[in-house]
Amino acid sequence: MKTMLFELRQAAVATLALAVVCCGLYPLLVFGIAQVLFPAKANGSLIVDAGGVVRGSRLIGQPFTADKYFHPRPSSAGKGYDPTSSSGSNLGPTSQKLRDAVAQNVSDYRTQNGLGTNAPVPADAVTGSASGLDPHISIENALLQADRVAKARSLSIEKVRELIQQNTDPADLGILGDPGVNVLRLNLALDAIAMGDRRTAMAGSR
């Protein structure tokens, strides 16, 4: 009986000690290091506008459909880019539903961007990512949308291409994956230009 109580006491002490270390001290240590060394990443890589308003995260895409905005990849997360329902379509290459959806996306993309009926379309423009929350599109995809956005905003195509370049993230470590254009950052940069133009016009009318 003594041996059993001794072993139970040891087990209880070990469990309590591990709980304090693993569920208390270790998370606090990791949290503290992250806040000191990587505060932006540790807090969600949030994008804050000039007014201090959080507009989103550079890691999570958002839906944009208006002509004046660059459009993200198709998304199967909820009704599209719902961060609480991250998911791909789970449809395989033999799925007729997937084929029909891609064909429709290709047709819509060509129409939206004034492309010919046989013009090549980037794969990322018509297929979703596994998470449904991909914040990036390919550079090719962005350049094909540039004319539409430039016309909708009455901007020069050179200015729009410059913004694409400024909001392109390089491949990880320079070699992993491909460079990608962050759609949210790019669209916010476009809105910032429009806001600046409005302020200039208001100041000139005084």
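The values are calculated or read from the model by the stated rules, or taken from the named source; none is laboratory data. Since this is a predicted model, take the numbers as computed values, not measurements. Cβ coordinates were reconstructed from backbone atoms using ideal geometry, including for glycine residues, and neighbour counts include every protein chain displayed.
Comparison of GLY52, GLY92, GLY24 shows that the only residue that is farther than 30 Å from ALA192 by Cα, at pLDDT below 90 and in a loop (DSSP other than H, G, I, E, B) is GLY92. Which residue is nearest to ILE139 (Cα to Cα), if the candidates are limited to the range 166-186 and must be among the polar types (S, T, N, Q) and within 14 Å of the chain's Cα centre (by Cα)? Per the criteria, the residue is THR168. Residues in the range 150-187 that are touching a Lys or Arg at 6+ places or on another chain (Cβ under 6 Å) and free of Cβ contacts under 8 Å to residues at least 40 places away in the same chain: 1 in all. The single condition among (1) outside any loop (DSSP other than H, G, I, E, B); (2) at pLDDT 90 or above; (3) assigned by TED's automatic domain parsing to the domain that holds LEU133 that LYS68 does not meet is (1). You will find that of ASN113, ASN141, ASN167, the residue that is in contact with a helix residue (DSSP H, G or I) (Cβ under 7 Å, 6 or more places away or on another chain), within 21 Å of SER45 (Cβ to Cβ) and not β-branched (Val, Ile, Thr) is ASN167 and no other. Tallying residues that are of a type outside the set (S, T, N, Q) and in contact with a strand residue (DSSP E or B) (Cβ under 7 Å, 6 or more places away or on another chain) within the range 19-69 yields 9. When we screen ASP197, ASP147 for residues that are over 19 Å from the mean Cα position of the chain (by Cα), modelled with pLDDT of 95 or more and either at negative phi or not in a helix (DSSP H, G or I) (or both), the only hit is ASP147. Just one of the listed residues (ALA103, ALA42, ALA17) is over 30 Å from VAL160 (Cα atoms), at pLDDT 90 or above and out of contact with any Ser or Thr (no Cβ under 9 Å at 6 or more places or on another chain), and it is ALA17.
If you take the residues of the range 92-115 that are of a type in the set (Lys, Arg) and surrounded by 11 or more Cβ atoms within 10 Å (Cβ to Cβ), which of them is nearest to LYS68 (Cα to Cα)?
Applying the filter and picking the extreme gives ARG110.
Would you call LEU186 on the phi < 0 side of the Ramachandran plot, outside any helix (DSSP H, G or I) and modelled with pLDDT of 95 or more? It is false that LEU186 is on the phi < 0 side of the Ramachandran plot, outside any helix (DSSP H, G or I) and modelled with pLDDT of 95 or more. When the test is whether a residue is within 30 Å of LEU184 (Cβ to Cβ), in contact (Cβ under 8 Å) with a residue 12 or more places away in the chain and surrounded by 11 or more Cβ atoms within 10 Å (Cβ to Cβ), GLN35 does not pass it.
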